[in-house]
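This report refers to the structure that appears directly beneath it.
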Amino acid sequence: MHDEGVIKFHAEHQQAVLSARRLGALSCTLVAWREILARTGLVGQDPARYGGFGYGNVSARTGAPSAPRRRRPFLITGTQTSGKTCMSLDDFCLIETCDPDHNQVQSRGVVMPSSESMTHAALYDLGSHIRFVFHAHSPVIWRQAQALRLPTTDPSIPYGTRRMATAVARLYRETALSESRLLAMGGHEDGVIAFGRTAEEAGTALIETLARAYETVCGDADGHFCSRP
């Protein structure tokens with residue numbers, strides 16, 4: 001049974017229209033990269049995948065680098081907006097605070113926050129240099145995670161939870177995650193997360209890893225590999 005898109009934290013959400021003057025340009029950057037990820041199948045909605053639910057989301061920090069942990073606001077695509085072909089600021093949610101100890105998020109916007117908001121917040125808490133986080137779904141990266149030596153969370157840890165947030169922080173401390181800027185979510189089918197100082201850094205980490213994953217599959221198939229029928 002798929003639980004893609006199910007919010008597993010308590011959201012104190014204020015229904016409100018977000019400021020285009022303040023957040024419009026940032027939302028356009030996220031929309032642009034979301035379009036690239038959608039065209040490569042890393043974000044989207046497919047009746048044949050995950051019970052038909054949308055998958056993948058993108059976010060960006062909005063506050064000052066000096067903001068304290070757990071109070072680092074960020075803009076994120078709203079829950080179940082991944083399948084939309086036309087996006088606007090109304091399809092984003094502003095996360096204002098995140099408290100993993102109490103499994104609670106404070107947010108505002110026209111739509112509810114993404115179910116992965118807790119994990120995005122955990123990455124932003126790792127350092128002020130992390131300004132963008134992209135969550136994608138890629139079967140080929142996920143299945144080749146070991147061959148690619150990607151930091152990977154324990155398969156027993158579900159997405160969108162306090163345990164996942166803690167696991168991400170541990171991987172950052174104990175592995176080369178700070179250099180690779182991409183991790184696989186062992187307990188979240190096909191789930192991978194990339195981050196960076198810029199949208200380009202996060203996006204490039206995903207696209208380059210996708211290419212490496214296909215190279216690995218091709219090598220395993222002795223150079224004879226077809227990704228499409």
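The values are calculated or read from the model by the stated rules, or taken from the named source; none is laboratory data. Fair warning: this is a prediction, and the values are worked out from it, not measured in the lab. Here the Cβ is made from the backbone with ideal geometry for all residues, glycine too, and neighbour counts use every protein chain on show.
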- Task: Name the single residue, out of those in the stretch 150-177 being crowded, with 20+ Cβ neighbours inside 10 Å and touching a residue at least 40 places away in the same chain (Cβ under 8 Å), that is nearest to Arg69 (Cα to Cα).
- Result: Ala165
- Number of the exception - Thr79 against (1) in contact with a Cys (Cβ under 9 Å, 6 or more places away or on another chain); (2) farther than 21 Å from Ala165 by Cα: (2)
- Query: Looking only at the stretch 34-44, which residues are surrounded by 19 or more Cβ atoms within 10 Å (Cβ to Cβ) and part of a loop (DSSP other than H, G, I, E, B)?
  - Reply: Leu42, Val43
- Considering each of Arg71, Arg49 in turn, give the residue that is out of contact with any helix residue (DSSP H, G or I) (no Cβ under 7 Å at 6 or more places or on another chain), buried (at least 16 other Cβ atoms within 10 Å of the Cβ), more than 16 Å from Gly109 (Cα to Cα) and of a type in the set (D, E, K, R). Arg49
- Query: Just checking, how many residues over the stretch 45-83 are of a type in the set (A, V, I, L, M, F, W, C) and not in a strand (DSSP E or B)?
  - Reply: 4
- Task: Identify all residues within the stretch 52-92 that are within 17 Å of Tyr159 (Cβ to Cβ), over 12 Å from the mean Cα position of the chain (by Cα) and of a type in the set (A, V, I, L, M, F, W, C); write none if there are none.
- Result: Phe53
- Subset tally (residues that are over 25 Å from Asp190 (Cα atoms) and without any contact (Cβ under 8 Å) to a residue 60 or more places away in the chain) for the stretch 68-94: 6
- Query: For the stretch 165-172, does any single residue satisfy the condition of being over 27 Å from Glu35 (Cα atoms) and in contact with an Asp or Glu (Cβ under 9 Å, 6 or more places away or on another chain)?
  - Reply: yes
- Selection from the stretch 34-52 of residues that are closer than 16 Å to Cys86 by Cβ and touching a residue at least 60 places away in the same chain (Cβ under 8 Å): Ile36, Leu37, Val43
- Message: Considering only the stretch 84-93, I want to know if a residue exists there that is at pLDDT 90 or above, surrounded by 17 or more Cβ atoms within 10 Å (Cβ to Cβ) and aliphatic (A, V, I, L, M).
- Response: yes
- Item | Selection status of Leu30, within 22 Å of Glu200 (Cβ to Cβ) and surrounded by 22 or more Cβ atoms within 10 Å (Cβ to Cβ) | yes
- Note on the structure: Going through (1) in a loop (DSSP other than H, G, I, E, B); (2) closer than 27 Å to Gln45 by Cβ; (3) touching a strand residue (DSSP E or B) at 6+ places or on another chain (Cβ under 9 Å) one by one, Leu126 fails only at (2)
